[in-house]
Ligand code: ADE
Ligand code: ZN
């Protein structure tokens with residue numbers, strides 16, 4: 001079987017996906033029309049042409065703008081169901097979806113609207129597409145801890161729908177320690193702590209995410225490679241990295257996929273998974289990430305299998321649920 005078919009057929013889970021980052025330009029226009037919103041771009045092509053980024057902040061500015069067309073529960077439902085249909089076409093059997101409530105509540109959209117739309121799509125996808133999903137509520141790290149506390153409070157009536165908390169947005173200058181208390185409070189409520197760390201930020205931020213936030217999985221984590229002791233600590237704690245190859249090149253975290261550290265990470269004994277991050281903005285869904293990183297690093301079928309297996313092993317599913325896939 002050729003590599004592309006092998007990748008397409010491989011059962012896999014996606015562990016690092018921002019639902020707002022799955023908003024395709026075509027859907028931006030459809031939702032803008034449905035909600036009578038005037039966009040500053042005249043066409044899908046014009047919008048796509050703006051997707052050129054020098055760094056994370058460049059991307060975030062456009063990503064938050066794009067999300068402003070999401071108004072009603074039906075919008076969040078359509079966004080999520082559309083992503084889940086793409087999962088079905090790629091043999092993604094399980095997905096852990098991040099959502100950024102503050103991106104919406106800051107604009108006056110109720111928490112309830114966001115969570116109900118997303119979770120109803122997940123329930124329908126389980127029934128109609130046989131894909132399981134868990135939700136990760138991510139705090140925006142460029143906002144204050146007080147703001148994150150407000151979001152935690154708003155989430156409590158919907159606690160049964162949310163598995164974990166995450167930390168995303170502008171990393172530099174917003175270290176994990178800024179969120180120590182809100183993460184402690186989130187864990188008390190039963191949420192599993194996760195965080196983006198070491199995407200653009202230094203290895204010290206990964207140490208903080210481990211030692212202060214006590215995270216159970218590291219989103220990105222690329223910059224751990226600058227610190228041998230940190231690598232050993234991550235291995236000792238058996239924490240997986242959710243690596244996002246096409247995101248890393250789009251945001252210039254890595255200059256070329258051929259220089260991507262994914263294989264080096266695996267060779268060092270780190271547990272790695274492959275993910276799409278924000279597929280609508282970075283040029284490819286999950287399988288495209290697999291296809292391009294396989295080609296660039298000449299990964300073997302055994303290594304691809306290992307990556308897919310890790311995606312289930314390091315998911316937030318219960319051990320019983322994981323057994324179906326391992
Ligand atoms: N929000 C959406 N995508 C992100 C990324 N790659 N890093 C930080 N925050 C994000
Ligand atoms: Zn991310």
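What about residue 315, is it in a loop (DSSP other than H, G, I, E, B), in contact with a strand residue (DSSP E or B) (Cβ under 6 Å, 6 or more places away or on another chain) and closer than 19 Å to residue 98 by Cα? Against the criterion (in a loop (DSSP other than H, G, I, E, B), in contact with a strand residue (DSSP E or B) (Cβ under 6 Å, 6 or more places away or on another chain) and closer than 19 Å to residue 98 by Cα), residue 315 qualifies. Considering segment 136-178 alone, what residues qualify as being surrounded by 20 or more Cβ atoms within 10 Å (Cβ to Cβ), assigned to a helix (DSSP H, G or I) and either within 16 Å of ligand 2 (Cβ to nearest atom) or without any contact (Cβ under 8 Å) to a residue 24 or more places away in the chain (or both)? Hit for segment 136-178 is 176, nothing else.
Listed conditions (1) more than 19 Å from the chain's Cα centre (by Cα); (2) more than 28 Å from residue 161 (Cα to Cα); (3) at pLDDT 95 or above; (4) surrounded by fewer than 15 Cβ atoms within 10 Å (Cβ to Cβ) are all met by residue 35, apart from (2).
In segment 179-194, which residues are more than 21 Å from residue 234 (Cβ to Cβ) and in contact (Cβ under 8 Å) with a residue 12 or more places away in the chain? Steps first, answer last, please.
Residues of segment 179-194 more than 21 Å from residue 234 (Cβ to Cβ): 181-182, 184-186, 188-191.
If the condition is that a residue be more than 21 Å from residue 234 (Cβ to Cβ) and in contact (Cβ under 8 Å) with a residue 12 or more places away in the chain, then 181, 182, 185, 186, 189, 190, 191 are the ones that fit.
Filtered by the rule that a residue be more than 16 Å from ligand 1 (Cβ to nearest atom) and either closer than 18 Å to residue 194 by Cα or not in a helix (DSSP H, G or I) (or both), segment 116-135 gives 130, 131, 132, 133, 134. For segment 239-292, residues that are over 25 Å from residue 207 (Cα atoms), touching a strand residue (DSSP E or B) at 6+ places or on another chain (Cβ under 7 Å) and without any contact (Cβ under 8 Å) to a residue 40 or more places away in the chain total 0.
To keep it simple, each residue is scored yes or no on (1) crowded, with 20+ Cβ neighbours inside 10 Å; (2) more than 15 Å from the chain's Cα centre (by Cα); (3) farther than 14 Å from residue 16 by Cβ.
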residue	(1), (2), (3)
267	no, yes, yes
278	yes, no, no
307	yes, yes, no
322	no, yes, yes
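Within segment 60-72, identify whether any single residue is over 20 Å from residue 25 (Cα atoms) and either at pLDDT 95 or above or touching a helix residue (DSSP H, G or I) at 6+ places or on another chain (Cβ under 6 Å) (or both), and answer yes or no. So far as segment 60-72 goes, no, none of its residues is over 20 Å from residue 25 (Cα atoms) and either at pLDDT 95 or above or touching a helix residue (DSSP H, G or I) at 6+ places or on another chain (Cβ under 6 Å) (or both). Checking 209, 197 one by one, the residue that is within 20 Å of the chain's Cα centre (by Cα), more than 14 Å from residue 243 (Cα to Cα), touching a residue at least 12 places away in the same chain (Cβ under 8 Å) and within 14 Å of ligand 2 (Cβ to nearest atom) is 209 and no other.
The values are calculated or read from the model by the stated rules, or taken from the named source; none is laboratory data. In this text the structure is predicted, and so the values were computed from the model without any measurement. As a convention, Cβ positions derive from the backbone with ideal geometry for all residues, glycine included, and neighbour counts pool all protein chains shown.
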